[in-house]
Amino acid sequence: PTARGLRMALGGHDRTFKSIKASYTETASSEAQPLASPDLFRRFYRYLLDAWLHVPDAYWTWERPAVKMASDLIQRHQIPLVLTSALPYTSHRIGFRLKQRLGVRWIADFRDPATHSHRMFSPFERVFLRQRRAENLAVQHADAITVLAESYALILTETYGLKDNSRIHFISTGLDESLLESPRENAHRLSSPYLVFVGEFLTSYDDSFFRIFSQVVRNPQVAQTGVKILFIGREDVNGPLITPLARQYELERFIEIIDHLPQEQLYNYIREARAGLLIPGRRALWWSLYAKLVDYIALQKPVVAIVPNPSEARMHLERSGLGIFLDDQERAAEQLTRFILSDTDVPEVDVEYCKQFLVKSQVSAFIKVFEHVIESSQLRKFKSD
């Protein structure tokens with residue numbers, strides 16, 4: 001029951017995602033660039049939503065019907081286990097109510113450490129407290145917790161004072177190997193070497209890499225290679241951020257911005273690249289296991305990285321043997337120059353470690369958690385009987 005849904009119910013245009021995805025680019029572009037000075041009504045409407053209606057989030061109206069429907073399905077099919085994934089926070093509340101009502105086993109999946117990152121929780125204290133309570137329900141009452149990054153286990157343990165974190169299981173997202181079956185001859189090949197950045201370049205990222213790369217291309221040998229940096233992701237997001245940096249550091253002819261692609265094509269770009277790029281900066285998002293990094297590691301691609309030390313990303317790059325860290329600011333340009341000119345050895349890859357970032361490993365890991373939870377509940381029931 002949103003304003004959009006109410007308009008549709010009263011005979012307005014179909015505004016479901018299915019109907020508007022054909023015009024996604026135009027919609028995304030307009031949404032990515034909000035009005036510089038929204039009028040008073042817009043500001044009041046936004047405040048009303050964020051401070052009073054979206055508590056703990058915009059999906060709270062879904063809770064009661066979701067619990068009712070799920071309860072019917074669980075009882076009809078004798079389902080022993082429920083998995084909820086959050087965000088939204090309301091997913092935690094649904095899982096908790098199902099466990100309370102039916103005694104079903106509950107696995108709470110955390111895609112992000114929501115109340116840890118200011119970008120994900122409400123700036124209004126009363127709303128934030130509701131979000132924190134919803135998250136606490138999952139941490140305290142779920143039979144198992146799965147997390148997207150190992151750092152989340154530390155964050156949840158510290159935030160909620162867990163004395164035992166044995167219920168928390170790290171399961172990365174995974175690259176779908178079936179999407180690698182498109183012929184390699186159809187892969188995009190440039191006549192010159194390139195490094196590839198996948199996804200959106202965020203405003204929180206700094207300009208360290210651009211500064212380093214501008215020094216690298218001054219080397220005549222590097223310039224002769226024709227090396228390029230490809231940024232593949234939403235052009236309406238990346239363009240306005242990357243183009244000024246390219247202009248500032250005189251890198252226009254070395255940088256190419258490509259709009260988002262079908263995943264099969266994207267994987268071909270990564271496979272043919274000299275290396276992947278992970279360049280948020282030395283102080284950004286220490287807790288994040290980036291989706292782009294999962295793709296790089298799964299494809300066993302070297303990664304030129306400017307990341308915090310310590311950080312989740314650095315840990316996995318070190319374990320996989322794929323990291324090329326530009327840590328020393330004075331020597332970073334020389335280090336990157338040697339890599340581009342192939343004067344340094346490619347890292348020795350831990351192939352077995354990289355396999356855990358494939359989707360089949362992700363599926364297997366979830367199955368193990370499911371089986372463990374069910375077997376544990378059966379054992380407790382047997383002992384109580």
Just how much of residue 61 is accessible, in Å², when a 1.4 Å probe is used and the result is rounded to the nearest 10? 50 Å²
With N denoting the number of residues in the range 225-276, provide Rg(C-alpha) divided by 2.2 N^0.38 Å, to two decimal places. 1.18
How high is the relative contact order of the range 213-282? Use alpha-carbon pairs under 8 Å, at least six apart in sequence, and give a whole percent. 34 percent
Percent relative contact order for the chain, counting Cα pairs under 8 Å at least six residues apart, stands at 14 percent
In degrees from 0 to 90, rounded to the nearest 10, what is the angle of the helix 90-102 Cα long axis to the longest principal axis of the chain? 30 degrees
Roughly how much of residue 252 is accessible, in Å² to the nearest 10, using a 1.4 Å probe? 100 Å²
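Mind ranking 69, 120, 8 by accessible surface for me, highest first, 1.4 Å probe?
The residues order as 69, 8, 120, largest area first.
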Taking all protein chains as present, what is the carbon and sulfur share of the accessible area of the chain, in % to the nearest whole number, probe 1.4 Å? 53 percent
With the contact rule set at Cα under 8 Å and sequence spacing of 6 or more, what percent relative contact order holds for the range 265-385? 22 percent
Rounded to two decimals, the Rg over Rh value of the range 186-330 from Cα coordinates and the Kirkwood Rh reads 0.93
Using 0.36 nm times the number of residues separating residue 45 and residue 243, minus their current alpha carbon distance, what extension gain do you get? 67.9 nm
Give the span of the chain's Cα atoms along each principal axis, as three whole-Å numbers ordered largest to smallest. 75, 58, 41
How tilted is helix 150-160 with respect to the longest principal axis of the chain? Cα atoms for both, answer in degrees (0 to 90, nearest 10). 40 degrees
Could you pull the Rg and Dmax for the range 37-81, using just the Cα atoms, both in Å? 17.6, 54
Compute the angle between helix 263-272 and the longest alpha-carbon principal axis of the chain, please, reported from 0 to 90 degrees and rounded to the nearest 10. 40 degrees
For the range 92-135, what class follows from the C-alpha gyration tensor (a ≥ b ≥ c being the square roots of its eigenvalues): rounded when a/c is under 1.5, otherwise prolate if a/b is larger than b/c, else oblate? oblate
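Give the whole-number value, in cubic angstrom per residue, of the convex hull volume spanned by the C-alpha atoms of the range 72-173.
Taking only Cα atoms, the range 72-173 has a hull volume of 105 Å³ per residue.
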Residue-averaged 222 nm ellipticity for the chain, from DSSP H runs of 4+ at -39500 (n - 2.57), nearest 500: -14000 deg cm²/dmol
Taking the alpha-carbon centre of each part, the distance from the range 269-342 to the range 67-122 in Å is 35 Å
Out of all DSSP beta bridges in the chain, what portion is antiparallel? Express it as a percent rounded to 5. 0 percent
Write down the Kirkwood hydrodynamic radius of the range 275-358, to one decimal in angstroms, obtained as one divided by the mean of 1/r over all alpha carbon pairs. 12.9 Å
Probe of 1.4 angstrom, ligands and nucleic acids ignored: what's the accessible area per residue over the chain, in square angstrom? 55 Å²
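The values are calculated or read from the model by the stated rules, or taken from the named source; none is laboratory data. Bear in mind that the values here come from a model prediction, so they are computed numbers and not experimental data. Side chains are part of the model used for accessible areas, which takes the heavy atoms of the whole protein and leaves out ligands, DNA and RNA. Shrake-Rupley method; radii C 1.70, N 1.55, O 1.52, S 1.80 Å.
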